[in-house]
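Only one structure is covered here, and it is reproduced in the block below.
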Amino acid sequence: MINLKVDEAYAFDYLSILEVKKIKSAKSHDAWSDCLTYLKNQFSQEKWFLIINSEEYRKMIQANQLTFNAVDKAKNNEVTAKEVDYCNFQRHTAKQNLQKKFFNKDLNEQKFGYEKYENSRTHSS
């Protein structure tokens with residue numbers, strides 16, 4: 001295994017992906033458990049519980065579940081590429097929200113082509 005320096009929310013997004021996979025298949029439990037332990041050891045117990053039990057983390061899991069479901073449906077042409085793309089945008093938004101709330105900074109990761117979603121969200125608020 002290697003260590004990779006990423007935004008904190010990126011790491012929690014990965015953990016949430018493993019959580020979705022763990023729910024789908026018991027074979028993924030060990031990968032999820034290893035990742036959880038590795039991340040947990042990098043935080044104080046208080047901060048860890050704040051993050052892992054937060055609404056932001058819960059929404060990250062939901063966004064990943066929606067994305068996984070959309071990708072599964074796309075395999076049978078049951079959803080459009082645009083619908084899958086929008087799920088991915090929701091996932092990115094969940095990451096941004098967790099990063100800002102718990103780490104008080106923006107993601108380093110840049111997404112392109114989501115202006116139409118961001119603009120429609122701004123105008124609908």
Check: Under a plain spin-label model, where a point goes 7 Å from the Cα along Cα-to-Cβ, how far apart in nm are Gln62 and Ser33?
Finding: 2.9 nm
Notebook entry, point to check: Which aspartates and glutamates, on any chain, are close to Lys73 with Cα under 19 Å apart, when same-chain ones fewer than 8 places away are left out?
Noted result: Glu83, Asp85
Next item on the list: For a footprinting-style exposure proxy, rank Tyr14, Tyr38, Tyr57 by other Cβ within 10 Å, fewest first.
Entry: Tyr38, Tyr14, Tyr57
Checklist line | Residue of Val20, Val71, Val79 that the Gaussian network model of the chain assigns the largest fluctuation, springs spanning Cα pairs under 10 Å | finding: Val79
Next item on the list: Return a whole-number percent for the relative contact order of the chain, with Cα pairs under 8 Å and 6 or more residues apart as the contact set.
Entry: 28 percent
Checklist line | Förster-model FRET efficiency, 41 Å R0, Phe43 and Glu83, C-beta, rounded to 0.05 | finding: 0.70
Notebook entry, point to check: What is the Å³ per residue value for the convex hull set by the Cα atoms of the range 8-120?
Noted result: 110 Å³
Margin query: Counting other beta carbons within 10 Å of each residue's own, what order do Asp72, Asp7 fall into, fewest first?
Written below: Asp72, Asp7
Next item on the list: Could you please report the charge total around Asn97, scoring K, R as +1 and D, E as -1 over all other residues with beta-carbon less than 10 angstrom from its beta-carbon?
Entry: +2
Margin query: Loop by DSSP (not H, G, I, E, B), at most 12 other beta-carbon atoms within 10 Å: where is the longest site-free stretch of the chain for trypsin sites (Lys or Arg not before Pro)?
Written below: 6-74
Check: Which pairs, out of Lys47/Lys101; Lys59/Lys101; Lys5/Lys40; Lys22/Lys59; Lys5/Lys100; Lys5/Lys82, put more than 20 Å between their alpha-carbon atoms?
Finding: Lys5/Lys82
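Ignoring the sites themselves, what is the longest stretch of the chain with no GluC sites (Glu not before Pro) in a DSSP loop and at most 14 other beta-carbon atoms within 10 Å? List each step's numbers first, then the result.
Values: sites that count: Glu78, Glu109.
Answer - 1-77.
Read the figures in this text as sums done on the coordinates, not as results from a lab. Since this is a predicted model, take the numbers as computed values, not measurements. Positions of Cβ are backbone-derived with ideal geometry, glycine not excepted, and every protein chain shown enters the neighbour counts.
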